[in-house]
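Chemist: To start, I am sharing the structure in question, which I have written as C-alpha cells.
The values are calculated or read from the model by the stated rules, or taken from the named source; none is laboratory data. Since this is a predicted model, take the numbers as computed values, not measurements. Here the Cβ positions follow ideal geometry from the backbone for every residue, glycine too, while neighbour counts run over all protein chains shown. Just the protein is used for accessible areas: all its heavy atoms, side chains included, with ligands, DNA and RNA removed. Shrake-Rupley method; radii C 1.70, N 1.55, O 1.52, S 1.80 Å.
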Amino acid sequence: QVQLVESGGGLVQAGGSLRLSCAASGRYAMGWFRQAPGKEREVVASISWGGSSTNYADSVKGRFTISRDNAKNTVYLQMNSLKPEDTAVYYCAAKRVAGTAYDYWGQGTRVTVSS
C-alpha cells in the first residue's frame, strides 16, 4: 500500500503562486487532480516515473509545472499566475502502469485563490 501525502495548499491572491508537494515512495507515474465545489474531479497534470513525459490540462498550460525528485520521493506542482477558478482541493495520485487508472490517492490539500 502506498501512502501519498500532499502539502503546500493555502490561501493566495489571484496572480500569486503556490507549490504543492506530494511524498510517495515507489516506482510510480504520478498525477495531480483537483475538485472544485460542485464540480467533478479533473486531471491537472501528470508525469511519468522518469519525469521525461508530462501532460497538462489546457486550463493550466503555461501556468502550472509538474516535476519530480525521485531521490526525495516527491512530486511537485508549481502553480503560477493563479486564478480564482483554480480554487479546489488538489489531490495527488499514483499508478504502477502507464495507461491505466490511478491506484492510490492522497487525502487532498485545499487551494483557495481570492480575487
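Chemist: Please go through the range 1-54 and give me each residue that is more than 20 Å from A101 (Cα to Cα), free of Cβ contacts under 8 Å to residues at least 60 places away in the same chain and surrounded by 13 or more Cβ atoms within 10 Å (Cβ to Cβ), ordered by number.
Modeler: S21, A36
Chemist: Of all residues in the range 57-94, how many are among the hydroxyl-bearing types (S, T, Y), touching a strand residue (DSSP E or B) at 6+ places or on another chain (Cβ under 7 Å) and open to solvent by 10 Å² or more (accessible area, probe 1.4 Å)?
Modeler: 6
Chemist: Determine whether the range 81-102 contains at least one residue that is part of a loop (DSSP other than H, G, I, E, B), in contact with a Gly (Cβ under 8 Å, 6 or more places away or on another chain) and aromatic (F, W, Y).
Modeler: The answer is yes; a qualifying residue exists.
Chemist: How many residues are open to solvent by 50 Å² or more (accessible area, probe 1.4 Å) and under 18 Å from A57 (Cβ atoms) when one looks only at the range 103-114?
Modeler: Residues flagged as open to solvent by 50 Å² or more (accessible area, probe 1.4 Å) and under 18 Å from A57 (Cβ atoms) within the range 103-114 amount to 1.
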